[in-house]
Structure formats: structure tokens, C-alpha cells
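Any read-out appearing in this document is the output of simple, stated calculations on the displayed coordinates, not a laboratory observation. Source: prediction; values computed, not measured. Glycine gets a Cβ as well: all are built from the backbone with ideal geometry, and neighbour counts include every protein chain shown.
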Amino acid sequence: NWGNVLSPYWAARIYAELGGYEYTGRPIGPADGWMYHLPTSADAKSVRAGVLDKFCRCTMSYEFYHACNYGWGETYPTIRNDTRSALDKFMNNESEEKTNQVMKVFDSNDWLIYDRCNIFGHGEHGFGSIETYDAIPVTGSFTVYSLANYARGEDNGLCPELHVLRDEYIKARNPNVRIITLPTSDMWIDFARLVYAPNVLIPSSGSSWVLWSTIANEGNVYTVPHLGWDAKNMMDVSVYPPNFNVLSNSVLYPPDSYEKTRECVGFEHFDRTNSSHRQKLIDCFKSGLKS
């Protein structure tokens, strides 16, 4: 799980940077992977005590540091530069055929949607209502690429159906858009696409994979709020890198842990075999949650 491997690495790097310490560590990931090229040392920088104090209040295991709302937004230049440098070094040794799947896919106006497809399967994972896709322009001709994580089987069989509704919604708003589903490829290719795409839309929250890749993105990133440890600050745009656009639409978290979802769907525990439950979920996806 690359995201959870990167989380403790960046937690250590961020602690050192905010605290004014030098960093020394070991390579992470396999020797033939891109993460192996991430720095194992870094010079000390000026202390940022205020942000460090907030960072230190996050008490989760650093395997899940991505659930902390503090530190990564303030140190995004380091995360961005080092991630892109590591990927560039790695791609220098990869075939042109594979690197082209990253570097030759997108035109400057194109979009990439990445959906974790975790539907009521984890308390900290939610998916945005259909109005999430209002972020995509209603004018112009461009391609929207869709990349989804079906392989984990966390969508209760609903993600393809929601994506049909999503695509119809996008096309109704802008008939000139072309929508292409990207098949999942090598893990590094899918990760790097999120780093290098010019416009990224993240309609689902809670993914460490998405967080660490898109922080390294230099383009436009549109995301539903990242539900972190300090949930009341998840809409605080100051915790995000400046190229992030935090959307204010509804996010449907599991109804057994999120009251607004429970009020909308009318049940507490989702039963994937219950056709009424599935229909109510779809209805809430289309209508959004009450504020």
C-alpha cells in the first residue's frame, strides 16, 4: 500500500522540516521502484513552531499520517519537488512506451478524475455527490479521463453505476467533452498520472494514495474536503497547497458514522443486497445532502 508507506516517510520529513532539524533516513520501497529515489537526507530549515505544534497534536500512527490535516500543506514545495525528482529519475530507466502513458496522455485542457470507489466501506472514506463534477468546465472541447480503483472491491458493486450517472451529467453540462476510461496500469504509472495531469478532480476522500500524488501536482487540483483527524478544519483552505481548490459539495460518508448521510438514505447499515438501500444511495448521490 504505497500511500501508507509514504505517510510515515513524509511524517518524518515534515517533522524535521517544521522543527528545524536535519533529516536522515533509509530508502523506502523496493530498490527497483520510484520511491527508492526519494531523498534519504535533507538539510535543516527554519523552525515553524506554530504549524509544528498543530502537527504534533495528531496522535494517530504515522502509517495513517495522511489523516492529519497539518504539515503537508505547509511543506508542499518539499513534497512536490522530491516526488517529481524521484519519479523523473525512475522514468529515465523505464521504456518510452511506459513513460508515454504518463507524459504523452494529456493535453493542457484535459482532466483526470481519480475515484477510490470506496462506497460505505470505511468510516474515513466518502464519495462526493454528483454536483462534485460541476468543477469541470461547461464550455470548451477537451477530454476527461477517468481512473478508478475497482480492484479493491470496496464499492459494494455500485461504482460503475454511479460512473454512468456521472458521465451523463458531465456530458449534459458540456456536450463537447470526450470521456475516456483509463484501464489501471502499473502502479507507478497510475500514481504518476495524478502527479502530471494538468487538471485533477478528486471526488472521493480519505485516500493517502491521492493525497501524496496530487500534492506533487503543479496544475489545478479540485478535491472534496479531506476528512482528517481535526474534522472541523477540513474546509480550512489554508491547510492545502495553493493550487488546490476545495469543493463545498456534499460528501457521503457511511451512514453508521455520519448523521447527514443517515438522514438522506434513511438507514444506518448499508445492505448491498437490498435494492431499496441501493436506490436510496443513488438518489442521495444525485440530490446531495442537506446542509
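At 7 Å along Cα-to-Cβ for each site, give me the label-to-label distance between THR139 and ARG57 in nm.
So the two model labels end up 4.4 nm from each other.
Helix-derived [θ] at 222 nm for the chain: sum -39500 (n - 2.57) over DSSP H runs of at least 4, divide by residue count, nearest 500?
Values: 9 runs with 103 residues, N = 291.
It comes out at -11000 deg cm²/dmol, rounded to the nearest 500.
How far is it, in nm, from the label point at LEU165 to the one at LYS286 when both lie 7 Å from their Cα along the line to the Cβ?
It is 0.7 nm.
Once you have the Kirkwood Rh of the range 93-166 from its Cα pairs, apply Stokes-Einstein at 10 °C and 1.306 mPa s and quote D in µm²/s. Don't jump to the answer; show the numbers that get you there.
Numbers: Rh = 14.5 Å.
In µm²/s, the coefficient rounds to 110.
Can you give the log10 of the normalised intensity I(q)/I(0) at q = 0.19, 0.29 Å⁻¹, computed with Debye over equal Cα scatterers of the range 1-67?
-0.77, -1.24
Report the Cα centroid-to-centroid distance between the range 249-276 and the range 62-109 in angstrom, as an integer.
A separation of 34 Å, based on Cα centres.
May I ask you to list, by number, the DSSP H helices of the chain whose Cα span along the axis is at least 24 Å and whose average Kyte-Doolittle hydropathy reaches 0.0 or more?
2-19
Among ASN81, TYR15, ALA49, whose Cα projects farthest towards the positive end of the dipole of the range 1-83, with charges put on the beta-carbon of Lys, Arg (+1) and Asp, Glu (-1)?
Positive-end residue among those listed: ALA49.
Which length gain, in nm to one decimal place, applies between LYS98 and ALA31 when the Cα-Cα distance is subtracted from 0.36 nm times their residue separation? Mind showing how you got there, number by number?
On the way: separation 67, 0.36 × 67 = 24.12 nm, distance 1.86 nm.
Going from the current span to full extension adds 22.3 nm.
Can you tell me the alpha carbon radius of gyration of the range 16-119 divided by the globular rule-of-thumb value 2.2 N^0.38 Å? Could you put the intermediate results ahead of the total?
On the way: Rg = 16.9 Å, N = 104, 2.2 N^0.38 = 12.8 Å.
Against the empirical 2.2 N^0.38 Å value, I get 1.32 for the range 16-119.
Please state the charge dipole magnitude for the range 33-130, taken about the Cα centre, from unit charges on C-beta atoms (+1 on K and R, -1 on D and E), reported in debye and rounded to the nearest 20.
340
Is the shape of the range 145-212 best called rounded, prolate or oblate, per the rule: a/c under 1.5 gives rounded, else a/b larger than b/c gives prolate, else oblate, with a ≥ b ≥ c the square roots of the Cα gyration tensor eigenvalues?
oblate
Around GLN101, what is the net charge, scoring Lys/Arg as +1 and Asp/Glu as -1 over all other residues with Cβ under 11 Å from its Cβ? Don't skip to the answer; put the middle values down first.
Values: positive: LYS98, LYS104, ARG193; negative: GLU94, GLU96, GLU97, ASP186, ASP190.
Residues close to GLN101 contribute a combined charge of -2.
Modelled label-to-label distance, VAL47 and GLU268, 7 Å Cα→beta-carbon offset: nm?
If labels sit at VAL47 and GLU268, their model points lie 4.9 nm apart.
What are the principal axis extents of the Cα atoms in the range 95-254, in Å, biggest first?
Sorted largest first, the three principal extents are 43, 33, 31 Å.
I'd like the FRET efficiency for VAL5 and HIS122, computed as 1/(1 + (r/R0)^6) with the beta carbon distance as r and R0 of 25 Å, rounded to 0.05.
Step by step, r from the Cβ atoms, then E = 0.85.
Just to be sure I follow the rule: in the chain, considering lysines 8 or more places apart or on different chains, how many pairs have Cα atoms under 25 Å apart?
Close lysine pairs under the 25 Å cut-off: 14.
Under 15 Å from the 7 Å Cα→Cβ point of MET187, by amide nitrogen: which residues of the range 87-130?
none
I need the Kirkwood Rh of the range 50-108: take the reciprocal of the average 1/r across all distinct C-alpha pairs and report it in angstrom.
Taking the inverse mean of 1/r over all distinct Cα pairs, the range 50-108 comes out at 14.2 Å.
Return the ratio Rg/(2.2 N^0.38 Å) for the chain, where Rg is computed over Cα atoms only.
Rounded to two decimals, the normalised Rg is 1.01.
Order the peptides 194-201, 75-82, 48-55 from the highest to the lowest mean number of other Cβ atoms within 10 Å of their residues.
Output ranking for 194-201, 75-82, 48-55: 194-201, 75-82, 48-55.
Which cysteines does the chain leave without a neighbouring Cys Cβ under 4.7 Å?
If one checks each Cβ against the other cysteines of the chain, CYS56 turn up with nothing under 4.7 Å.
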